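Scroll down for the structure; my scribbles are underneath it.
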Amino acid sequence: DQQVKQNSPSLSVQEGRISILNCDYTNSMFDYFLWYKKYPAEGPTFLISISSIKDKNEDGRFTVFLNKSAKHLSLHIVPSQPGDSAVYFCFFSRGSQGNLIFGKGTKLSVKP
Amino acid sequence: DTAVSQTPKYLVTQMGNDKSIKCEQNLGHDTMYWYKQDSKKFLKIMFSYNNKELIINETVPNRFSPKSPDKAHLNLHIKSLELGDSAVYFCASSQGRNYEQYFGPGTRLTVT
């Protein structure tokens, strides 16, 4: 869906370093933003979220940043661990009526 | 104790058949969803029910019909299966429409 762009299909990072995953969006009506992690042969797992009234939310090693003016969402993982290797999806929603959209996913590989 | 379960995990069937996928959640959530992940790994919302009421109905062929007998169950019935229906179908649930969803393990449907 062209309302959301997750342009990096893959990212490789050394263990202990920072992983930065990015999504861009065009629909300024989105008001709730999430990141999901997915391992092969499993369903996605909710990771962290942020509402449009905030620009940052932290949960342990995971921090989500929202830049509304640039329409840019990012996820920082510090320090990265091999167990973080998975596909990461950004997720966008608008109000209670839906318009639920996943990004195409970025495959993160964290090398020991 | 599985939070969101789907049956079957794998489903292989021929074109033209009718099949159903079942989903159950034991989290006490009031909102359930069906997503389709196609061969390119794109995850797309199909339907959502809140308290047994259909609230999201994306552009999906009317061969697909969701049924929610109660808040804990959301089944997906598919008529006259086509080759293009081959995909992984994920069920999910959340409390309200905060979209912090819990996903099932997926059902891989293969239409031959």
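Read-outs throughout are calculated quantities, based only on the coordinates presented, and are distinct from any laboratory measurement. Computed from a predicted structure; not experimentally measured. Cβ coordinates were reconstructed from backbone atoms using ideal geometry, including for glycine residues, and neighbour counts include every protein chain displayed.
Within segment A:35-112, how many Lys pairs sit with Cα atoms under 19 Å apart, leaving out pairs fewer than 8 places apart on the same chain?
Lysine pairs satisfying the spacing and distance rule in segment A:35-112 number 12.
What residues qualify as long-range amide H neighbours of B:N17, i.e. H under 5 Å apart, gap of 5 or more or another chain, H built at 1.01 Å from N?
Hits under the 5 Å cutoff: B:L81.
About its Cα centre, how strong a charge dipole does the protein assembly as shown have in debye, to the nearest 20, once Lys and Arg get +1 and Asp and Glu get -1 at the Cβ?
About 400 debye.
In terms of the Cα gyration tensor, with a ≥ b ≥ c the square roots of its eigenvalues, is chain A rounded because a/c is under 1.5, prolate because a/b exceeds b/c, or oblate?
It is prolate, given that a/c is not under 1.5 and a/b is the larger ratio.
For segment B:16-22, take each phi angle, set θ = phi - 60°, evaluate the Karplus expression 6.51 cos²θ - 1.76 cosθ + 1.60, and give the result in whole Hz per residue in order, putting x for glycine and proline.
x, 6, 10, 9, 10, 10, 9
What are the extents of the Cα atoms of chain B along their three principal axes, listed from largest to smallest and rounded to whole Å?
If we take the Cα atoms of chain B, the spans are 37, 29, 27 Å.
Would you calculate the separation in nanometres between label points at B:H77 and A:Q3, each defined as 7 Å from the Cα along the Cα-to-beta-carbon direction?
For B:H77 paired with A:Q3, the spin-label model returns 3.0 nm.
For chain A, with only Lys/Arg (+1) and Asp/Glu (-1) charged at the beta-carbon, what is the dipole magnitude about the Cα centre, in debye rounded to 20?
160 debye
What translational diffusion coefficient, to the nearest whole µm²/s, does segment A:65-112 have by Stokes-Einstein, given a Kirkwood radius computed over alpha-carbon pairs, a temperature of 10 °C and 1.306 mPa s viscosity?
This corresponds to a translational diffusion coefficient of 125 µm²/s.
Have a look at A:F62, B:S94, A:Y88 and report the one farthest towards the positive end of the charge dipole of the protein assembly as shown, computed about the Cα centre with Cβ charges (Lys/Arg +1, Asp/Glu -1).
Working it through, the farthest residue towards the positive pole turns out to be A:Y88.
For segment B:5-60, state the average projected area of the convex hull of the C-alpha atoms over all orientations, rounded to one decimal in nm².
Dividing the Cα hull surface by four gives the mean projection, 5.0 nm².
What are the ³J(HN,Hα) couplings of segment B:82-87, residue after residue, when phi is run through the Karplus curve with 6.51, -1.76, 1.60 and θ = phi - 60°? Round to Hz, x for glycine and proline.
10, 4, x, 7, 4, 4
Contact order normalised by length for chain A, with contacts defined as Cα pairs under 8 Å and 6 or more residues apart; what percent is it?
After rounding, I find 37 percent.
Separation between the B:V12 and A:S109 pseudo-spin-labels, each 7 Å from Cα along Cα→Cβ, expressed in nm?
In this crude label model, B:V12 to A:S109 measures out at 3.0 nm.
Calculate the dipole size of chain B relative to its Cα centre from +1 charges on Lys and Arg beta carbons and -1 charges on Asp and Glu beta carbons; express the result in debye to the nearest 20.
The dipole magnitude comes to about 240 debye.
Roughly speaking, what is the centre-to-centre gap between segment B:12-76 and segment A:14-75 when only Cα atoms are used, to the nearest Å?
25 Å
Can I get the semi-axes of the protein assembly as shown's equivalent ellipsoid? Compute them from the C-alpha gyration tensor as square roots of 5 times the eigenvalues, in angstrom, largest first.
30, 20, 16
For segment B:30-82, run through the trypsin sites (Lys or Arg not before Pro) and keep only the ones in DSSP coil with at most 16 other Cβ atoms within 10 Å of their Cβ.
B:K40, B:K41, B:K52, B:R63, B:K79
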